[in-house]
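The values are calculated or read from the model by the stated rules, or taken from the named source; none is laboratory data. Remember, it's a predicted structure, so these values are computed and weren't measured experimentally. Positions of Cβ are backbone-derived with ideal geometry, glycine not excepted, and every protein chain shown enters the neighbour counts. The area values use the complete protein model at the heavy-atom level, side chains included, leaving out ligands, DNA and RNA. Shrake-Rupley method; radii C 1.70, N 1.55, O 1.52, S 1.80 Å.
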Amino acid sequence: MRILALFVASVAFAAIAVSGCTCGGKSDAPQPVASAAASASGSVAPTPKPNRAVALDPIARFEECSLGHRGVLLDLGDPSMRGRFLTKLDAPELETVEHEGATWARATNRNVALSFFWSSELDRPPPSLADSGTPFDSGTYVEGRVRSITARSVSVYLNGKVVGVWPLSKGETKVVVARGGAGGVLPGVNELNLHFNGGSKKEDDTLAEIDWIHVGTGDSSEPYAAPTRTDAIVNATVGGVSRRALSLRAPGFVRCAGWIPPSGTVDAQLAVAGPGDADVEVRLLRDRAPSLILGRAHVSATSAPGSPAPGWSPISVPIGDVGPAGTMAAIEIATIRATKGTRVLVAEPRVVGPIMPALPNPIPPSRSVVVIVLGSVATHALAPYGGPRIAPEIGSVAIGGVTFDAHRASTGLASGAVASMLTGLSPRKHTLEDPDARLPKSLVTVADAARQGGVTTAMFTANPLTSAVFGFDRGWDTFASHGPLEDVPATQVFDDAARWIEAHKDARFLVVVHARGAHPPWDATPDELKAMAPASYGGNLDPRRAGEMLAKMRKFPGRGNDADRARAWALASHAIDQHDAAIGRLLGTLRAADREEDTTVVITGDSGMNESALIPLPDNDALDESVLSVPLIIRLPSHVLANRRVATPTTSVDLARTIVSALALAPPASFEGIDLLQLANGEIMVAGERALVATSAARFAIRWGPFVLAGTRERETKLCDLLLEPSCVTDVRKTYPLALDALHRVAWQAVGPSASPRPRTPGAIGREPAFVDPTTMAALYAWGRPPEKRSAGDRD
């Protein structure tokens with residue numbers, strides 16, 4: 001009843017007449033139909049206010065949605081299908097060809113595997129049969145429009161069971177049907193396999209071309225006209241008002257999966273094209289829960305005598321309780337019945353978040369910015385994140401600033417994560433996905449943007465992967481690096497930065513410090529070593545040569561013993577204490593130079609550490625959540641937004657835009673991500689969670705809410721739910737089909753063949769190899785890189 005009251009109130013607020021609406025409840029419960037009467041001619045319904053974030057937009061992001069009519073449609077020539085193929089994510093894109101007014105997919109492999117989601121709502125009989133009491137045959141059939149090139153037939157399998165065979169005739173285009181028994185299709189994700197028989201045995205020869213595939217239940221004798229993208233999205237004028245709209249035939253639907261925000265609504269404008277009327281349902285589909293009908297509406301092309309001419313009818317349907325943080329789900333807008341020849345027009349459909357308070361005053365710009373990037377730090381061991389490590393200097397910055405609770409690195413590789421911070425691009429786009437890659441010269445960085453804005457810039461690094469050899473020296477007015485072989489403390493870069501700030505205290509500046517963090521080599525005096533665990537240690541782990549030994553222990557787990565591992569973790573912990581003290585010295589220089597009140601300070605990390613691991617040295621290819629979880633704390637001038645926490649997930653890519661915006665400069669067009677200061681201040685809103693993508697050369701890990709889809713470009717490995725199992729071991733793909741569907745689409749877009757421009761495309765960015773000299777190779781060895789690893793430059 002609460003949902004019903006909210007729905008009626010929202011419609012009344014929109015100033016349209018709606019009567020008898022019942023919203024909410026299970027999909028199989030009897031539901032009275034609401035009548036959405038036509039509004040006055042030419043009236044314009046209110047669009048989502050600026051302070052309501054849009055979570056789903058089926059028209060703007062139609063390629064991420066599914067379109068169905070009398071069942072499920074798989075339009076193989078449509079770009080939205082790219083994430084449906086159960087093939088390697090790095091496989092070449094499916095070749096398409098245009099003819100007969102359609103886009104066809106060419107099948108060159110004898111086996112084509114696809115996936116699709118089947119809603120339990122599709123098992124309901126059509127209204128004509130439901131009302132008449134005629135028995136409904138729910139048997140499954142699979143039909144397709146196919147043009148044979150050399151194949152003689154196609155064997156059709158659904159969820160591993162034979163449905164039937166499509167007979168083909170060489171050179172002929174026809175619609176073919178294979179009909180299986182009842183129970184062939186299952187609620188949730190289904191797998192459809194096509195095996196092409198006969199034809200050429202040569203690799204890459206075309207066997208057949210497929211326009212579309214339709215999976216349905218019931219009677220398959222009625223001719224099927226597949227809705228296409230151009231057919232489904234139209235510019236429609238109703239009552240003198242033109243809008244971009246979805247055009248749906250009955251029974252048909254559009255379904256979009258993603259993160260649904262709490263207290264959200266489904267907003268749209270309804271009308272009909274044609275002479276009759278139609279009934280529309282708005283549904284919420286969730287994993288491991290019954291589907292819900294959120295609301296129904298009746299739309300008609302006619303009006304009562306004396307009433308205004310029909311126009312667009314606005315609806316606003318409350319989604320209801322999806323938890324305090326929202327949930328992964330799908331919204332389905334379905335036309336369940338329509339007069340013959342009538343289509344339903346759904347204009348401006350959106351899932352929007354709750355109405356937010358009025359926007360606060362914008363954050364005043366900073367004169368300068370200092371960015372401190374810690375290397376290899378266990379985020380949740382720090383006190384600001386609820387851990388036991390006090391780290392007083394980092395803690396003081398957190399008290400005076402904003403702590404981002406769900407910050408995630410774009411990769412587990414230090415150079416790739418820092419490159420994302422400097423370029424505002426994902427590793428797939430800036431190309432630093434392996435330790436032998438160099439920052440491309442063609443990329444625009446925060447240093448370029450700052451210098452063009454009259455800001456003096458400097459970078460100081462203690463990490464060999466962000467040295468000049470790897471391209472990180474370009475664009476800075478001052479660049480200095482201290483490698484692991486130098487006889488200087490690991491924290492020397494902080495003192496260098498402090499001296500530089502003192503020398504430039506009258507200027508606007510941007511300073512980036514990439515520290516070693518908990519990564520070896522480590523600094524410790526004999527007295528400090530005596531006080532470390534384990535007591536009376538007599539092993540061979542030398543602090544200055546620990547990287548070499550740990551690299552061998554990582555490659556050969558049998559090497560080393562429990563005492564060696566305990567000493568390694570004690571040294572890593574000691575290093576974080578030293579870095580925290582060095583941060584204090586750097587911040588003290590800002591205060592002494594009278595620059596604390598006009599400088600933004602950013603503290604973050606390039607990669608995390610798993611404290612339950614045997615050694616504190618993550619693999620470059622590791623994409624575990626413990627490695628990707630990194631701290632992010634931003635303190636603004638005059639402690640604006642002091643002691644604030646942000647739960648919205650953020651990523652390394654966001655920092656480039658944030659840094660440049662803090663300096664009151666326009667971010668370059670290439671910068672992606674969001675401005676984190678505007679997010680913290682409530683000036684921009686993210687409706688629910690974002691999908692955060694992390695990649696390496698061979699792996700990917702995509703987190704969306706509590707779900708993580710991980711694997712290699714060869715195949716998905718698993719989908720896990722961190723709420724159920726923080727260790728992310730159990731694969732839950734079969735029990736969370738909607739989450740899998742949404743994350744697989746993100747994976748295809750982020751890791752698939754279209755995720756980055758081809759190197760041969762004019763203006764595209766190609767990977768540049770770093771040419772590692774013997775000195776740098778020795779430094780990497782001391783830092784923990786295996787000695788047998790050779791650079792891409794050496795290989796090339």
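Going through the stretch 441-455 one residue at a time, which ones are out of contact with any helix residue (DSSP H, G or I) (no Cβ under 8 Å at 6 or more places or on another chain) and among the hydroxyl-bearing types (S, T, Y)?
Result: S442, single match.
Consider the stretch 690-713. How many of its residues are assigned to a loop (DSSP other than H, G, I, E, B) and either more than 15 Å from the chain's Cα centre (by Cα) or farther than 21 Å from I633 by Cβ (or both)?
First pass over the stretch 690-713, keeping only residues assigned to a loop (DSSP other than H, G, I, E, B): 690-691, 696-698, 705-706, 713.
From what is left, the residues that are either more than 15 Å from the chain's Cα centre (by Cα) or farther than 21 Å from I633 by Cβ (or both) are 691, 696-698, 705-706, 713.
The total comes to 7.
Yes or no: D721 modelled with pLDDT under 90, open to solvent by less than 30 Å² (accessible area, probe 1.4 Å), farther than 21 Å from A414 by Cα and among the acidic types (D, E)?
No; evaluated as a whole, the condition is false for this residue.
Would a scan of the stretch 272-291 turn up a residue that is more than 26 Å from L743 (Cα to Cα), in contact with a helix residue (DSSP H, G or I) (Cβ under 8 Å, 6 or more places away or on another chain), among the small types (G, A, S) and crowded, with 19+ Cβ neighbours inside 10 Å?
So far as the stretch 272-291 goes, no, none of its residues is more than 26 Å from L743 (Cα to Cα), in contact with a helix residue (DSSP H, G or I) (Cβ under 8 Å, 6 or more places away or on another chain), among the small types (G, A, S) and crowded, with 19+ Cβ neighbours inside 10 Å.
Does the stretch 141-157 include one or more residues that are of a type in the set (D, E, K, R), in contact with a His (Cβ under 9 Å, 6 or more places away or on another chain), at pLDDT below 80 and within 28 Å of P251 (Cβ to Cβ)?
Checked the stretch 141-157: no residue is of a type in the set (D, E, K, R), in contact with a His (Cβ under 9 Å, 6 or more places away or on another chain), at pLDDT below 80 and within 28 Å of P251 (Cβ to Cβ).
Conditions: (1) free of Cβ contacts under 8 Å to residues at least 40 places away in the same chain; (2) buried (at least 24 other Cβ atoms within 10 Å of the Cβ). S661 meets all but one. Number of the miss?
Against the list (1) free of Cβ contacts under 8 Å to residues at least 40 places away in the same chain; (2) buried (at least 24 other Cβ atoms within 10 Å of the Cβ), S661 comes up short only on (2).
Is it true that some residue in the stretch 234-250 is within 18 Å of S120 (Cα to Cα), touching a Ser or Thr at 6+ places or on another chain (Cβ under 6 Å) and either surrounded by 18 or more Cβ atoms within 10 Å (Cβ to Cβ) or touching a residue at least 60 places away in the same chain (Cβ under 8 Å) (or both)? Outline the logic, then answer.
At the first step, the residues of the stretch 234-250 found to be within 18 Å of S120 (Cα to Cα) are 250.
Among the residues that remain, those that are also touching a Ser or Thr at 6+ places or on another chain (Cβ under 6 Å) are: 250.
Imposing the further condition that a residue be either surrounded by 18 or more Cβ atoms within 10 Å (Cβ to Cβ) or touching a residue at least 60 places away in the same chain (Cβ under 8 Å) (or both) reduces the set to 250.
Within the stretch 234-250 (the criterion being within 18 Å of S120 (Cα to Cα), touching a Ser or Thr at 6+ places or on another chain (Cβ under 6 Å) and either surrounded by 18 or more Cβ atoms within 10 Å (Cβ to Cβ) or touching a residue at least 60 places away in the same chain (Cβ under 8 Å) (or both)), the answer is yes, since at least one residue qualifies.
Filtering the stretch 323-347 down to residues that are of a type in the set (S, T, Y) and either assigned to a loop (DSSP other than H, G, I, E, B) or over 13 Å from P251 (Cα atoms) (or both), which residue is most open to solvent (accessible area, probe 1.4 Å)? Steps first, please.
Going through the stretch 323-347, the residues of a type in the set (S, T, Y) turn out to be 327, 335, 339, 342.
Within this subset, residues satisfying the condition of being either assigned to a loop (DSSP other than H, G, I, E, B) or over 13 Å from P251 (Cα atoms) (or both) are 327, 339, 342.
On the way: T327: 34, T339: 53, T342: 8 Å².
Filtering first and then ranking leaves T339.
Any idea which of G588, G584 is at pLDDT 95 or above, within 21 Å of I399 (Cβ to Cβ) and in contact with an Asp or Glu (Cβ under 7 Å, 6 or more places away or on another chain)?
G584
If you go through the stretch 750-767 one residue at a time, how many are at pLDDT 80 or above and surrounded by fewer than 20 Cβ atoms within 10 Å (Cβ to Cβ)?
Adding up the residues that qualify gives 2.
Conditions tested, residue by residue: (1) at pLDDT 95 or above; (2) over 30 Å from T599 (Cβ atoms); (3) outside any loop (DSSP other than H, G, I, E, B); (4) under 34 Å from the mean Cα position of the chain (by Cα).
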site: A289; (1), (2), (3), (4): no, yes, no, yes
site: I293; (1), (2), (3), (4): no, yes, yes, yes
site: A304; (1), (2), (3), (4): no, yes, no, no
site: D321; (1), (2), (3), (4): no, yes, no, yes
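So H639 fits all but one of (1) in contact with a helix residue (DSSP H, G or I) (Cβ under 8 Å, 6 or more places away or on another chain); (2) over 29 Å from A613 (Cβ atoms); (3) not aliphatic (A, V, I, L, M); what number is the exception?
That leaves (1) as the condition not met.
Based on what the data block shows, is S727 within 18 Å of V630 (Cα to Cα), surrounded by fewer than 18 Cβ atoms within 10 Å (Cβ to Cβ) and of a type outside the set (A, V, I, L, M)?
Answer is yes for this residue.
Is there a residue in the stretch 496-507 that is touching a helix residue (DSSP H, G or I) at 6+ places or on another chain (Cβ under 7 Å), charged (D, E, K, R), buried (at least 16 other Cβ atoms within 10 Å of the Cβ) and not in a loop (DSSP other than H, G, I, E, B)?
As a first pass, look at the stretch 496-507 and keep what is touching a helix residue (DSSP H, G or I) at 6+ places or on another chain (Cβ under 7 Å): 497-498, 501-502.
Right, trim to charged (D, E, K, R) and you get 502.
Among the residues that remain, those that are also buried (at least 16 other Cβ atoms within 10 Å of the Cβ) are: none.
Within the stretch 496-507, none of the residues are touching a helix residue (DSSP H, G or I) at 6+ places or on another chain (Cβ under 7 Å), charged (D, E, K, R), buried (at least 16 other Cβ atoms within 10 Å of the Cβ) and not in a loop (DSSP other than H, G, I, E, B).
Taking only pairs six or more apart or across chains, which ones have beta-carbon atoms under 7 Å, a first residue in the stretch 54-79 that is under 30 Å from M356 (Cβ atoms), and a second residue that is charged (D, E, K, R) and not in a strand (DSSP E or B)?
Taking only residues 6 or more apart or on different chains, the pairs are F62/R229; E64/R745.
Given the residues D721, D675, which is the only one that is of a type in the set (D, E), under 27 Å from R255 (Cβ atoms) and out of contact with any His (no Cβ under 7 Å at 6 or more places or on another chain)?
Of D721, D675, the one residue that is of a type in the set (D, E), under 27 Å from R255 (Cβ atoms) and out of contact with any His (no Cβ under 7 Å at 6 or more places or on another chain) is D721.
In the stretch 428-487, how many are among the hydrophobic types (A, V, I, L, M, F, W, C), more than 30 Å from the chain's Cα centre (by Cα) and open to solvent by 20 Å² or more (accessible area, probe 1.4 Å)?
So the answer is 6.
S638 versus (1) among the polar types (S, T, N, Q); (2) on the phi < 0 side of the Ramachandran plot; (3) at pLDDT below 95: which is the lone unmet condition?
Answer for S638: the failing condition is (2).
Given the conditions (1) of a type in the set (S, T, N, Q); (2) in a helix (DSSP H, G or I); (3) in contact with a strand residue (DSSP E or B) (Cβ under 7 Å, 6 or more places away or on another chain), and given that T604 satisfies all but one, which numbered condition is not satisfied?
Exception for T604: condition (2).
Taking the stretch 536-572 as the region of interest, how many residues are surrounded by fewer than 18 Cβ atoms within 10 Å (Cβ to Cβ) and either more than 21 Å from L485 (Cα to Cα) or polar (S, T, N, Q) (or both)?
14
Based on what the data block shows, is S115 farther than 24 Å from L740 by Cα, at pLDDT 80 or above, open to solvent by less than 50 Å² (accessible area, probe 1.4 Å) and outside any helix (DSSP H, G or I)?
So S115 fails the test.
In the stretch 618-638, is there at least one residue being touching a strand residue (DSSP E or B) at 6+ places or on another chain (Cβ under 7 Å), assigned to a helix (DSSP H, G or I) and closer than 28 Å to N361 by Cβ?
Checking the stretch 618-638: at least one residue is touching a strand residue (DSSP E or B) at 6+ places or on another chain (Cβ under 7 Å), assigned to a helix (DSSP H, G or I) and closer than 28 Å to N361 by Cβ.
Yes or no: the stretch 348-360 includes at least one residue that is under 29 Å from the mean Cα position of the chain (by Cα), open to solvent by 30 Å² or more (accessible area, probe 1.4 Å), modelled with pLDDT under 90 and β-branched (V, I, T).
Scanning the stretch 348-360, I find at least one residue that is under 29 Å from the mean Cα position of the chain (by Cα), open to solvent by 30 Å² or more (accessible area, probe 1.4 Å), modelled with pLDDT under 90 and β-branched (V, I, T), so the answer is yes.
So which of A518, A524, A533 ends up being open to solvent by less than 40 Å² (accessible area, probe 1.4 Å), over 30 Å from A593 (Cα atoms) and in a loop (DSSP other than H, G, I, E, B)?
Working: A518 fails: over 30 Å from A593 (Cα atoms); A533 fails: open to solvent by less than 40 Å² (accessible area, probe 1.4 Å).
It is A524.
Which residue pairs have Cβ atoms under 9 Å apart, sit 6 or more places apart or on different chains, and have a first residue in the stretch 348-370 that is closer than 20 Å to I633 by Cβ and in a loop (DSSP other than H, G, I, E, B) and a second that is modelled with pLDDT under 90 and open to solvent by 10 Å² or more (accessible area, probe 1.4 Å)?
I363/E683; P364/S638
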